[in-house]
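Notes follow once the structure below has been shown.
Quick note: the coordinates plus some simple rules give every number you see, no bench work behind them. Here the structure is a predicted model, which means the values were calculated and not measured. Counting neighbours? That spans all protein chains shown, and the Cβs are built from the backbone with ideal geometry, glycine included.
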Amino acid sequence: MGLVTALAIAFVVMSLATIWIVTSYHEIDETEYHEHRTSALNSAEAGARWAMSALAYDLVGAGWIGVDSASNSTTDVSAMGLRSALAANDYVSSGTGGSGLGGTCGLEAHLISANGEQIGEWWARVWTVDAAKYVYQIESWGWSPQTTHRQAANQKVTVQVRLIPAYSGFTNAIFAEANLSGLNRKEIYGDVYAGETATITNYTRIYPNDAGHIGEGRLRVQGDLNLGNGSNNEFYGLVHVQGMVRDDTPGSAFTDLKVLNDATADGTTVWTESDFESATLTGEARFSTNPGHTGDLEPAASVIPGATGLDDVPTITLPQFVWDRNDYDLTEVGTVLEHSTVGDFQTWFAANESALYGVHRVPGPTDLNFTNATLAGDFMVVVEGDVEVRSTPATAPSDEPLDLIVVQSDPAGRLTTANGVIGADGVLHQLMFSNGEFDAANQTVIYGAIYGYEDVSTNRVEVHFRPPEDSLVKGFDFVIPDPDSFIPQPVVWRAVQVAEPTPITDYCGVPGGAAASVPAPSGTTTTTTTVPSTVTTIAVTTTTTPPTTTTSIYTCPTLPNGKCKP
């Protein structure tokens, strides 16, 4: 009896162990597959980012092909730049594998490794949305750990990207053609440029921009970089100084980075020690004319003093602003008013401060006090002389952030921000532009940009770079040092569902092969019918491929001048 009982217990234990082992394997499989899905998404994003970089630098890779859907043919474009290849083909993809044109397009793996272990691969396709505006669409599929793995997970991302000429347009958070002499307690999310000397006196932070917005936290100085005693700074992006780095307390014990400066006397070069006083450098510092450095560095920092083969800091001039009321489309800005006197503008401002909008030219110095004001639309004021901006207007509800742009057009003038100039991300974005000086006389928070010939700010400034609305800055003329240098800016970025089950080798979708599961990309054409200014609706007809046509009526807000603003 005891033996029977023992055998029964052993059987139960073995059965439970078997169930536990099966359950454990199942849970491990589930965990691994979940991790593979995450890695597959990361791989797909890596492919999209590679394609963005290839667009910006006009590169492709071995095995890349161009596809002409009309002739059902493919072309090897690996020797062409990606933008040139797209100009000659309907779309470009990252390889055909070894099957040739007559069969199903094969996958050419692009590997992402961590500690030598393959964690994913991707395949990408790019086509042109608007060549004139440098707008492109990217699709990228990612697999993990690889397409042949029994648990291969598949993810897809799409991104529409616009290429912005690197030195054309507003791309810096703070820009000064001459000196940045007021870097006092600045907190900057984006890039900073100084055409002459930059002087940092206290507690300046330069960070990469907020997620989804361009700006790597770069500080580029064509002249010298001067650091004050105990300035306690943090630089997170590239620090590129064309001249010397000078500090007024050499030899300090609290130094993260030391470089050698030249102090010349009687034609003799004497190298003395200089510091980033109490600074944190997590990016890369390049000093074009310095021959060496000494001292301990931050572990994450890379320092290239006296760098050879390094491009100079580019000479970028302040964009020239020329007033021409015909630059502005009334259906976009609502109204354009040239005020005959400062008093005429102030009278209009007082009468409309509960619903400000449009583009305005003021023929002389004035103040802009937004204490009790509300913006009903984008608002731009061009002032020929000194202007002081005070407080921040409220904003009417809007699907898009409203832009407040103040232009001081006199090279001898100054744009000053006084009390309460505080922007709000996604609600109110500001561009402060001065042909002369810019001065933050009180705490200023800008979601937008500050551009001036010289920054003489004496108080705290916080800037999160946001580009201004194109329709408002058509009067600015940029001189482009390098017309083929671009910054890729994502416009729409999203993960999308992948149709399953789908054979891996059918993802390329190249004409001539087996029925591909991924169709050739199709476009959307939108036509807007122009309407008289007295009409407050606009009919928009949208045609897609395959052909479907829909017409929607958008009701425009009624503006005081009777115009329709889409």
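Peptides 447-457, 160-170 ranked from most to least packed give 447-457, 160-170, packing being the mean of other C-beta atoms within 10 angstrom over each peptide's residues.
Sorting 390-401, 418-429, 231-242 by their mean Cβ neighbour count within 10 Å, with the most densely packed peptide first, gives 231-242, 418-429, 390-401.
Taking K and R as +1 and D and E as -1, what net charge do the other residues with C-beta under 9 Å from the C-beta of Glu454 add up to? Around Glu454, the surrounding residues sum to -4. The simple Förster model, with R0 at 51 Å and r as the Cβ-Cβ distance, assigns Ala495 and Thr458 a FRET efficiency of 0.65.
For Val129, the residues whose modelled amide H falls within less than 5 Å of its own, excluding neighbours fewer than 5 places apart on the same chain, are Val135, Tyr136, Gln137.
Label point of Asp367 set 7 angstrom out along Cα-Cβ; within the stretch 399-422, amide nitrogens under 14 Å from it belong to 416-420.
Report the local net charge at Val491: Lys and Arg +1, Asp and Glu -1, summed over other residues whose C-beta lies under 12 Å from its C-beta.
Result for the local shell: +2.
Where the centre of each part is set by its Cα atoms, how far does the stretch 146-197 sit from the stretch 417-464, in angstrom? After rounding, the separation between the Cα centres reads 19 Å. When Lys and Arg each count +1 and Asp and Glu each count -1, what net charge do the other residues less than 13 Å away from Pro365, Cβ to Cβ, add up to? Once positives and negatives cancel, what remains is -4. For Ser471 and Gln346, the difference between the fully extended length at 0.36 nm per residue and the C-alpha to C-alpha distance is 42.6 nm. For Thr335, the residues whose modelled amide H falls within less than 5 Å of its own, excluding neighbours fewer than 5 places apart on the same chain, are Gly358, Val359.
A protection proxy built from the mean count of other Cβ atoms within 10 Å ranks the segments 362-372, 313-323, most packed first, as 362-372, 313-323.
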